[in-house]
Each structure stands twice: as structure tokens, then as C-alpha cells.
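One structure below.
The values are calculated or read from the model by the stated rules, or taken from the named source; none is laboratory data. All values reported here derive from a predicted model rather than from experimental measurement. Note that each Cβ is placed from the backbone with ideal geometry, even for glycine, and that neighbours are counted across all protein chains shown. The accessibility values were calculated without ligands, DNA or RNA, using every heavy atom of the protein model including side chains. Shrake-Rupley method; radii C 1.70, N 1.55, O 1.52, S 1.80 Å.
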Amino acid sequence: DNSGDIYAEVFDVGTAFGIYVTGADVTVDNSGNIEAQGYSGTGIEAQSYGDLPVSNEGNIIAGSLSTVYDEYSGNTYVYGSLVGAGINASSNGEGAAVTVNNGGDISSQGYYGATGISATSGGLGGSASVTNSGTVYASQYTKYGYGAYGIVVSADGDASIDNSGEITVDSAGSANGAVALSFAGDAGANDAGDITVSTPALKYDGGNGIVAFAGNGSAYAGNSGNIDVTSKYISAGIDVSGLEDATVSNSGDISVDAWRAYGIRAQAGNGDVDVSNEGSIYATYSP
């Protein structure tokens, strides 16, 4: 339980944590400002074997990148963290519920990868969810990294995202705004805010505004906000896929500029596909 300001820095190989907590049952409540810098920086790291509620109203800076131009060689060099993560919450307990509620501003940057908010429940029947009303920014520099995610939720059971804030993702590799993944349950994402995703990668690495994937259940995505995706590869404003039903409801504005651009893409294995749209969809490619 923290309401003060925290600064953590690592000068050698290692990870700087603003808050690090682990246990059988873990609760994190933060309203202070956190900055974690170094080889790897994580604002809040929470690990549990049971339920894991995380609440954040503070501003978090995790990792950083800076560009320096060498006039003698004519080269531009990038310095900073290899990986940045704003909030990372995970539990492996059976039936465990991992919940993250964020109202603060989060910035995560890394050379090889960056994640704004991550919630994972890997135990049998576990669920994970993220509710965000703040500003989330994730930036990753090299195309050889794992990419950048604004919000990513993964669970054996149900996985869900409810976003009313602003998510911005810039990546030299793959870039994703809000991603909900479920193995045995349902996956869903609702957006009433702004999601902006961009990547200049030429092949294999695309960008997506919202992704909902249910390996053995149903997938859903709803959007009443603005989604803007810019990419040089295969990309979608909303991408929904489920073994059972796949459902999309859109009343917002979606713009996708990509080599293969989908405003909305929905796929079902055994069930129904239901897409309803009352918004504006723009899909094109600007080489």
C-alpha cells in the first residue's frame, strides 16, 4: 500500500522494480508516482498463488529510450532499457482471479520489448481482467524484439479488458493496443477510449488495435471509441477469433493503413460470427 513517490535504478545487468511483491495472496494499492530505470525496468511487479487485485492511480515510468546523433560518424545511437513494463501481475493458482484497475498514466519503453499493463492467470480455471481509464504508452525500438503491447490479458479461463483511457503503442516490430487471450474460457475487450498503434516493420510484424482470442470458447470485441492503426504488414483495427462464437459490435471510428488492412476481422471455428457496425471504417494502404 503506497502513496509516496518511488524511484528505482539499476546501473548494471538486472531489473529495477518500483514495487515488488509476492505471496500466497497478494494485494497492491498504489497512488504514488513510480519510476524504474535501468537494464530492465518494471513499475509494479506482483506475483501470487491466489487471487491478485492490483489498483493503481499513480503515474508510472518504466524503462526509457534516448536517441543520440554522432556527427563524426553520421550514425544515430539509441540508449536505454532493454525491456520496460508498467504493471505486471500474475498468478498460477487454480481458479485465481487477477484484476488490474488503472487510472494513472503509464509509460513503458524498451529496446527489445515494452508492455504497459500485463495481467496473467495461468492456473486451471483462472481469470484475468484489466480496467483502464488512464493513459498507457508503450514503445519498443528494434524489429528483433518481441514487440510492444499497451494492455495484454491472458488466462486459462475468462480474459477481459475494459478501456476508457488512451492507449498508444509505437514499435519497430509487432504492435498491439489491447489484447485479451483465453485458453479454455471466453475472451473479450471493450474500448470507449482512443487506441493508436503504429509499426514501420516491412514483413511478419503487423499492428492491431484490439485482439480477442479464445482457443476453446467465444470471443467478443466492442468499440465506441477511436482506433487508428498504421503498419506495413497485415493489420486490423479489431481482430476477433474464437473456437465457438465470434462477435464484434462497433459504433466508433476505425482507421487502418496497412499492406493488408482489415477494419474488422472476425472468425469462428464451430459457432456463429456476428458483426454489427454503426461507425466509420477506413482501410487502405499508403506505401
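Would the stretch 86-108 turn up any residue that is open to solvent by 60 Å² or more (accessible area, probe 1.4 Å), within 18 Å of G122 (Cβ to Cβ) and not small (G, A, S)? Break it down into steps so the answer makes sense when it comes.
First, the residues of the stretch 86-108 that are open to solvent by 60 Å² or more (accessible area, probe 1.4 Å): 92, 94, 101, 105.
Okay, now just the ones that are also within 18 Å of G122 (Cβ to Cβ), so 92, 94.
Imposing the further condition that a residue be not small (G, A, S) reduces the set to 92, 94.
So far as the stretch 86-108 goes, yes, one or more of its residues are open to solvent by 60 Å² or more (accessible area, probe 1.4 Å), within 18 Å of G122 (Cβ to Cβ) and not small (G, A, S).
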Under 25 Å from G32 (Cβ atoms), free of Cβ contacts under 8 Å to residues at least 60 places away in the same chain, touching a Ser or Thr at 6+ places or on another chain (Cβ under 6 Å) and of a type in the set (D, E): does that describe D105? yes
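Going through D245, D257, D253 one at a time, which residue ends up being buried (at least 16 other Cβ atoms within 10 Å of the Cβ), acidic (D, E) and under 18 Å from D191 (Cβ atoms)? Give the steps one after another, and end with the answer.
On the way: D245 fails: under 18 Å from D191 (Cβ atoms); D257 fails: under 18 Å from D191 (Cβ atoms).
Selected residue: D253, the only one of D245, D257, D253 that is buried (at least 16 other Cβ atoms within 10 Å of the Cβ), acidic (D, E) and under 18 Å from D191 (Cβ atoms).
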Would you please name the residue that is modelled with the highest pLDDT, looking only at residues in the stretch 164-193 that are open to solvent by less than 60 Å² (accessible area, probe 1.4 Å) and among the acidic types (D, E)? D191
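Looking only at the stretch 234-277, count how many residues are β-branched (V, I, T) and more than 24 Å from S198 (Cβ to Cβ). Before you say what the answer is, go through the steps one by one.
So the first thing to find is which residues in the stretch 234-277 are β-branched (V, I, T), and the list is 234, 238, 240, 247-248, 254, 256, 264, 273, 275.
Okay, now just the ones that are also more than 24 Å from S198 (Cβ to Cβ), so 247, 273, 275.
Of the residues in that region, 3 qualify.
Name the single residue, out of those in the stretch 3-45 being among the acidic types (D, E) and loosely packed, with under 13 Cβ neighbours inside 10 Å, that is farthest from A138 (Cα to Cα).
The first filter runs over the stretch 3-45 and keeps only residues among the acidic types (D, E), leaving 5, 9, 12, 25, 29, 35, 45.
Filter again for loosely packed, with under 13 Cβ neighbours inside 10 Å, leaving 5, 9, 12.
Details: D5: 21, E9: 19, D12: 23 Å.
Per the stated criteria, the residue is D12.
Which residues, counting only those in the stretch 78-108, are farther than 19 Å from V136 by Cβ and part of a strand (DSSP E or B)?
Of everything in the stretch 78-108, those that are farther than 19 Å from V136 by Cβ and part of a strand (DSSP E or B) turn out to be V78, Y79, S91, A97.
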Take the conditions under 19 Å from Y112 (Cβ atoms) and open to solvent by 30 Å² or more (accessible area, probe 1.4 Å) and apply them to V83. Does it pass? yes
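This table checks each residue for (1) touching a residue at least 40 places away in the same chain (Cβ under 8 Å); (2) out of contact with any Leu (no Cβ under 7 Å at 6 or more places or on another chain); (3) open to solvent by less than 10 Å² (accessible area, probe 1.4 Å).
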| position | (1), (2), (3) |
| --- | --- |
| G113 | no, yes, yes |
| T120 | no, yes, no |
| G126 | no, yes, yes |
| S129 | no, yes, no |
| Y137 | no, yes, no |
| Y144 | no, yes, no |
| V152 | no, yes, no |
| D156 | no, no, no |
| D162 | no, yes, no |
